[in-house]
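The values are calculated or read from the model by the stated rules, or taken from the named source; none is laboratory data. Computed from a predicted model, the values in this text were never measured in an experiment. Methodologically, a virtual Cβ is constructed for each residue, glycine included, from the backbone with ideal geometry; neighbour enumeration extends over all protein chains shown. SASA here: full protein model, heavy atoms, side chains in, ligands and nucleic acids out. Shrake-Rupley method; radii C 1.70, N 1.55, O 1.52, S 1.80 Å.
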Amino acid sequence: MADSASLLFNPHTYDPEHFDPETRRLLRATVDWFEARGKRRLIEDYRSRAWLGDFLDFAAKEGLFATFLTPASAAGKDDQRWDTARIAALNEIFGFYGLDYWYAWQVTILGLGPVWQSDNAEARARAAELLAQGEVFAFGLSEKTHGADIYSTDMLLTPDGEGGFRASGSKYYIGNGNAAGLVSVFGRRTDVEGPDGYVFFAADSRDEAYRLVKNVVDSSKYVSEFRLADYPVAPADILHTGRAAFDAALNTVNVGKFNLCTASIGICEHAMYEAVTHASNRILYGRPVTAFPHVRRELTDAYVRLIGMKLFSDRAVDYFRSAGPDDRRYLLFNPMTKMKVTTEGEKVIDLMWDVIAAKGFEKDNYFAQAAVEIRGLPKLEGTVHVNLALILKFMRNHLLNPVDHPAVPTRLDAADDAFLFQQGPARGLGSVRFHDWRTAFDAYAEVPNVARFREQADALCTFVETAAPDEEQSRDLDLLLAVGQLFALVVHGQLILEQARLTGLDEELLDELFAVLVRDFSAHAVELHGKDSATEDQQNWALGAVRRPVVDAERSARIWERVEALSGAYEMGQ
């Protein structure tokens, strides 16, 4: 049985021995760099909004971004590949120490997406060389007026008569726009109407026609507004044209938004060490704060939710890495990691904050930073609502129409995830098919709260078959999103159980986690019951789906002992 600390990232004991030697070295070197920097400097840089120059110098010196973000097809060294498993590990480390570091890395990933999907060999070689030099990248998609509505871009490219263009327009909310060696910019031609006019091109932030306006956020993150004024776009700068440019935008977001889940996990882990340590040592009315039953319940719930986040995200990596033209299940699990895992992260922080109260505001703690940063992740790369609406496209096939798929193993091998840059047209989501979700639940049918949650999942299938929203209700997004939350919980539970089986997680911890999921499902069912447009059948179904978790005081007490053991297990040096 794994102890509580071993299930969480702990810099003092971290040894990613499941990776190859160079990956292991780089991950450990990154942890050591932050630990040597110390907590005081980490928080000081966050509060003073210092640019991340010294961190980027470290990354360049170690070849960190070049090693992790150069696919094998463009690699200049043996250890370079695009490996989602080790990318996820680095996301967690960056989240643990500060989202500003993660953000510079994340928007580099987004900026590289259109390049690695391009057939432009010259641009790909240039990107690989820039990475080798330690440069960062940017993704010039969103605009101040339209947001990320790529149908309405006002970045205009006028033909120059020599096979190239002159680009004029502005982009807004573009990370690394102040320093990117290459910015992948989305625009449209002035001489071609419709989707055939889309263009993705590579721009250089150092060009005189590239005008940096400002950082639009008050942060070390440089989230820029920039303008191109008659910017020269040569044929060698063009990454994609027409529908391929549109697909490259969406497929890049598919790759990039996966990173939000593990960043959220890292934030929660660091905050949990602080919160449990503080609560265990705080005396109130002559007793430790952790002697109060409601405190134990909140911290235990936070802990098991965090374990659920890790289990789901780790298993989702396997589906990403095993994806191909005939297996696109990742297209469901991806928005799940972005939406469900990051909102779970918010709940984890809120539960801990209710316990530590005013301590969560103090300037010398990581927690105050975590409480702010955890809010951003559900809102980046598409809002919760956008991703819930996307998840709903898969609901009927996932719940009711399973097919046989080869079993997906744990994927920690040192392989290149080439398919992520060969995803093809960004459509056909309703045709994606899944293996039977019930199999994961059947394996744990004897665990009381897994069985209780299974009752609710089966009830959701009945809802889809007998009381699903009709054509008119399908235009009521408020109602649909409530249904989406119920479906998301089933998918969340499924991958948690799959990963639990693969890792041998003990059933007692799983039982406590599913007690929380039973309560969540009941709460969302009650929310659906209260929706204005819910029919009488839907209201009756909703109340009938409410369940009480199976209570086991001795089990909960033993899980609490694991949480309490986190007190003093890690503290960052000054």
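Some notes on this structure:
- Any hit, segment 504-523, residues being over 25 Å from the mean Cα position of the chain (by Cα), of a type in the set (Gly, Ala, Ser) and more than 30 Å from His12 (Cβ to Cβ): yes
- Selected residue (only one of Asp511, Asp458, Asp506 is surrounded by fewer than 16 Cβ atoms within 10 Å (Cβ to Cβ), touching a residue at least 12 places away in the same chain (Cβ under 8 Å) and charged (D, E, K, R)): Asp506
- Strands (runs of 3 or more DSSP E) wholly inside segment 133-211 containing at least 2 residues that are of a type outside the set (D, E, K, R), free of Cβ contacts under 8 Å to residues at least 60 places away in the same chain and on the phi > 0 side of the Ramachandran plot: 165-175
Residues checked against (1) on the phi > 0 side of the Ramachandran plot; (2) part of a strand (DSSP E or B); (3) surrounded by fewer than 21 Cβ atoms within 10 Å (Cβ to Cβ); (4) among the small types (Gly, Ala, Ser):
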| position | (1), (2), (3), (4) |
| --- | --- |
| Ser219 | no, no, yes, yes |
| Glu225 | no, yes, yes, no |
| Asp230 | yes, yes, yes, no |
| Ala248 | no, no, no, yes |
| Cys261 | no, no, no, no |
| Ile265 | no, no, no, no |
| Ala271 | no, no, no, yes |
| Val276 | no, no, no, no |
| Ala279 | no, no, no, yes |
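- Residue match in segment 432-440 (condition: part of a helix (DSSP H, G or I), farther than 25 Å from Leu250 by Cα and open to solvent by less than 30 Å² (accessible area, probe 1.4 Å)): yes
- Scan of segment 359-394 for residues that are modelled with pLDDT under 90, among the small types (Gly, Ala, Ser) and in a helix (DSSP H, G or I), ordered by number: Ala389
- Set Phe58, Phe68: member being touching a Phe, Trp or Tyr at 6+ places or on another chain (Cβ under 7 Å), part of a helix (DSSP H, G or I) and open to solvent by less than 50 Å² (accessible area, probe 1.4 Å): Phe58
- Gly428 vs. criteria surrounded by 17 or more Cβ atoms within 10 Å (Cβ to Cβ) and within 26 Å of the chain's Cα centre (by Cα): no
- So Gly169, is it in contact with a Lys or Arg (Cβ under 8 Å, 6 or more places away or on another chain), open to solvent by 10 Å² or more (accessible area, probe 1.4 Å) and at pLDDT 95 or above: yes
- Residues in segment 58-99 that are of a type in the set (D, E, K, R) and farther than 15 Å from Asp32 by Cα: Lys77, Asp78, Asp79, Arg81, Asp83, Arg86.
- On inspection, Val546 passes the criterion of being farther than 30 Å from Phe320 by Cβ and in the same structural domain as Ala443 (by the TED database).
- Count of segment 86-99 residues which are open to solvent by 10 Å² or more (accessible area, probe 1.4 Å) and in contact with a Lys or Arg (Cβ under 8 Å, 6 or more places away or on another chain): 0
- Each residue in segment 172-185 was checked for being open to solvent by less than 10 Å² (accessible area, probe 1.4 Å), under 21 Å from Ala50 (Cβ atoms) and among the polar types (S, T, N, Q), and 1 of them qualify.
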